[in-house]
1. Restricting attention to the stretch 61-68, does a residue exist that is touching a Gly at 6+ places or on another chain (Cβ under 6 Å), open to solvent by less than 30 Å² (accessible area, probe 1.4 Å) and charged (D, E, K, R)?
2. Read through the list (1) in contact (Cβ under 8 Å) with a residue 12 or more places away in the chain; (2) within 19 Å of GLY142 (Cβ to Cβ), then give the number of the only condition that ARG8 fails.
3. Can you list the helices (runs of 4 or more DSSP H) found entirely within the stretch 62-137 that contain at least 2 residues being within 15 Å of ALA148 (Cβ to Cβ)?
4. Find all pairs meeting these conditions: Cβ atoms under 6 angstrom apart; at least six residues apart or on different chains; first residue within the stretch 29-51 and in a helix (DSSP H, G or I); second residue of a type in the set (S, T, N, Q).
5. Considering only the stretch 93-106, state which residues are of a type in the set (Gly, Ala, Ser) and surrounded by 21 or more Cβ atoms within 10 Å (Cβ to Cβ).
6. Filter the stretch 138-159 for residues that are assigned to a helix (DSSP H, G or I) and in contact (Cβ under 8 Å) with a residue 12 or more places away in the chain and give the result.
Amino acid sequence: MDFADVLRKRRMVRRYTDQAVPPSSIDRIVNAGRRGPSAGNSQGTRFVVATDEALRSGVARCASEERWVSSGKAPWLSSAPAHIVIWVDPNAYRERYASEDKAASSAQDDDGNWPVPWWWVDAGASLMAMLLAAVDEGLSAGFLGAHAFYGLDSLLGVPDSFELVGVVTIGHAHPEDEPTGSALRRAPPVADIVHYERWNAS
């Protein structure tokens, strides 16, 4: 698929059919995420792929999907044939930037604070790569952030040093899937978003 078409077709999907997703497609989508940029080559991003129905139902419970359904919406997480859970290890970045060849960088201030925590940047890049890869596979994807989950680390057996970014849902979009909430907001005019050479704010 042409890259411009992939960008144009990408949208967040929150309802899926029960059509299976080929394991090879999931592998390619995860590999796209794995190939995202990594600050300092820290390689602190990890993925847990869940395709087992019982496990996916457990992920949905960790996000209190029953409240989503009780508000009149169709099931989201439990309806997706595959979940890709994104995790980051901030310590991998701290250790990498403490090494001799990175110690003089300005990634951290004198107090050890990170003006830009690069693990979140890298995770976002991996997320976008997977969302686009899903479209390229003829599939649809959605994303639910860490704020919505409780107990997911215990369910999946993830070490304490890793922090949850969120869950990517993969599948075939249900014909009745409709944008909801913030997805219905109109984007600002391009001139308000893109500035050339200088910020010519009015």
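1. Checked the stretch 61-68: no residue is touching a Gly at 6+ places or on another chain (Cβ under 6 Å), open to solvent by less than 30 Å² (accessible area, probe 1.4 Å) and charged (D, E, K, R).
2. Result: ARG8 fails condition (1) only.
3. Output list reads 65-70.
4. Once the first residue is in a helix (DSSP H, G or I) and sits in the stretch 29-51, its partners that are of a type in the set (S, T, N, Q) give GLY33/SER126.
5. Within the stretch 93-106, none qualify.
6. Matches in the stretch 138-159: ALA146, ALA148, LEU152, LEU155, LEU156.
This table checks each residue for (1) charged (D, E, K, R); (2) within 23 Å of ALA123 (Cα to Cα); (3) crowded, with 19+ Cβ neighbours inside 10 Å; (4) at pLDDT 95 or above.
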| position | (1), (2), (3), (4) |
| --- | --- |
| MET1 | no, no, no, no |
| ASP18 | yes, no, no, no |
| PRO23 | no, yes, no, yes |
| ILE26 | no, yes, yes, yes |
| ASP109 | yes, yes, no, no |
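The values are calculated or read from the model by the stated rules, or taken from the named source; none is laboratory data. A quick note: this is a predicted structure, and the numbers were derived from the prediction, not measured. In this analysis, Cβ positions are derived from the backbone assuming ideal geometry, glycine residues included, and neighbour counts consider all displayed protein chains. Accessible surface areas use protein heavy atoms only, side chains included; no ligands, DNA or RNA. Shrake-Rupley method; radii C 1.70, N 1.55, O 1.52, S 1.80 Å.
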